[in-house]
1. On the basis of being closer than 12 Å to B:Leu17 by Cβ and among the acidic types (Asp, Glu), does B:Glu107 make the cut?
2. Suppose we keep only residues that are within 14 Å of chain A (Cβ to nearest Cβ) and either assigned to a helix (DSSP H, G or I) or at pLDDT 90 or above (or both) within region B:91-111. Which one would you say is surrounded by the most Cβ atoms within 10 Å (Cβ to Cβ)?
3. For region B:53-77, enumerate the residues that are surrounded by 12 or more Cβ atoms within 10 Å (Cβ to Cβ) and among the basic types (Lys, Arg).
4. Being loosely packed, with under 15 Cβ neighbours inside 10 Å and under 28 Å from B:Gln24 (Cα atoms) is the filter here; which residues of region A:21-58 pass it?
5. Any idea which residue in region A:99-125 is farthest from the chain's Cα centre (by Cα), counting only those that are buried (at least 18 other Cβ atoms within 10 Å of the Cβ) and facing chain B (nearest Cβ under 8 Å)?
6. Only one residue in B:Ser60, B:Ser48 is at pLDDT 90 or above and either of a type in the set (S, T, N, Q) or assigned to a loop (DSSP other than H, G, I, E, B) (or both), so which one is that?
7. If you go through region B:112-135, how many residues are at the interface with chain A (Cβ under 10 Å from one of its Cβ atoms) and out of contact with any Asp or Glu (no Cβ under 6 Å at 6 or more places or on another chain)?
8. Give region B:15-45 a look and list any residue that's assigned to a helix (DSSP H, G or I) and either closer than 12 Å to B:Lys70 by Cα or acidic (Asp, Glu) (or both), or say none.
Amino acid sequence: MTIIEQLITSFIASAAFVIIFNGPKRSLFHCGLVGMVGWIFYFLLEANGVDMVLATVIAAFSIAIASQYFAKKYKTPVIIYSVAGIIPLVPGGIAYNAMRNFVQNDYNLAINLAAKAFMISGSIAIGLVFSEVINQIIRKSKLKTIVNKSQ
Amino acid sequence: MEMERQETYDIMAVCLLAGKIMLQSGAETYRVEDTMMRIAASFGAHQSHPYVTPTGILFSVEGNEPTKTKLIRIIERTTDLEKVASVNGISRKISAGEYTIEEAYKELKKISESGSPYSLWVHVLAAAISSGCFLIMFQGSWGDFFPAFVTGGLGFLSLLYFHQLVPIKFFSEFSASLLIGLQALFFVSTGIGGELDKIIIGSVMPLVPGLLITNAVRDLMAGHLISGLAKGADAFLTAFAIGAGIAVTFSFF
């Protein structure tokens, strides 16, 4: 039940975010799908006790793969899909709690949370870059086999 | 000679316009540089050097004559993915040789003057719905869906309104998050809403600079150090504005 709830809300939230960012109408549905995939990976991993940072890396990686698939299929920039997918992973809640603790003079906890927020936003980027690198390696190795065959 | 010089300037105008639209619409730095170099190369300028930062573009083209360089300033930056996609489509067509320089310039001009594909109310509605959905995603209860929906929608509307009133990003974000905090406080104190934290986090999500933070780290990793740092500073300022707005709310009770 919770999973169905999470699937639906993450799909709608990601698609709605693409509207806020003026995304093309024809890609709304795909953006929602990308967001859903990323969030469900994160949600299930986190619920099963995987560390938040690792869960974020894996979720961002899956988002990047899905975005590259759609980008290639519909010949649109990757960023349109990956932005939609990333939004649910952004550590808004942690950043908020950090800020709240700063205000309430609990600096130790606040610095802890701020560091965590930074780590998570870094791991989103790592997940994205990692998948891009793998994509390039695959493309290059394919090129090599073509070159080898033609010789 | 004169003809050739004029043509180089025309190519540069097309490249700069394309780069300007993309950068203002929130494209990644490497994509802007790549698109500009591709357009220049397909019009015959094979040696070009774009230098893209979030606040300006420097572009120089080498040829038989002395190197020409132009600079344009970028002041307003928003997120407009439709424009990024359209410019990308035009750059593909230019590479395929379907446009002359004049046609490409006209098409790009059309994109830069086009408005948003969605009306203001669709934007606000989208922000409201996503706020409600984020509340559920962050393990809030369905009873808080309505307060988050209203708070997020009004918060986003006030962001747009304040931004029109005073075009300083920090001010509009601060005021919007202050309003969000006050609304959430109102809902909780009247008993309509349950958890203050969850409502605020959900409603603040449309303002959170998630795209900026991620783009900043990606730019840093790709070696665009200045862009990365500038975007990081921008994201930090936004996060600080939101946090400060919420913090003022907490000082009320």
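1. Working: closer than 12 Å to B:Leu17 by Cβ: yes; among the acidic types (Asp, Glu): yes.
Here the answer is yes, as B:Glu107 does meet what is asked.
2. Only one residue tops the list, namely B:Ser91.
3. Residues satisfying the conditions are B:Lys68, B:Lys70, B:Arg77.
4. A:Lys25, A:Arg26, A:Phe29, listed by residue number.
5. Within region A:99-125, the first condition is being buried (at least 18 other Cβ atoms within 10 Å of the Cβ), and the residues that meet it are A:99-102, A:110, A:113-114, A:117, A:120-125.
Those left that are additionally facing chain B (nearest Cβ under 8 Å): A:99-100, A:102, A:121-122, A:124-125.
Values: A:Met99: 23, A:Arg100: 25, A:Phe102: 28, A:Ser121: 10, A:Gly122: 11, A:Ile124: 6, A:Ala125: 8 Å.
Here the residue is A:Phe102.
6. Numbers: B:Ser48 fails: at pLDDT 90 or above.
Checking each option against the conditions leaves just B:Ser60.
7. Step one: of region B:112-135, the residues at the interface with chain A (Cβ under 10 Å from one of its Cβ atoms) are B:115-118, B:122-135.
Next cut, out of contact with any Asp or Glu (no Cβ under 6 Å at 6 or more places or on another chain) only: B:115-116, B:118, B:122-134.
Of the residues in region B:112-135, 16 are at the interface with chain A (Cβ under 10 Å from one of its Cβ atoms) and out of contact with any Asp or Glu (no Cβ under 6 Å at 6 or more places or on another chain).
8. Step one: filter region B:15-45 for residues assigned to a helix (DSSP H, G or I), giving B:15-24, B:29-42.
Scanning region B:15-45 gives B:Cys15, B:Leu16, B:Leu17, B:Glu33, B:Asp34.
The values are calculated or read from the model by the stated rules, or taken from the named source; none is laboratory data. Because the structure is a prediction, the values reported are computed rather than measured. With ideal geometry, Cβ positions are generated from the backbone for all residues, glycine too; neighbour counts draw on all protein chains shown.
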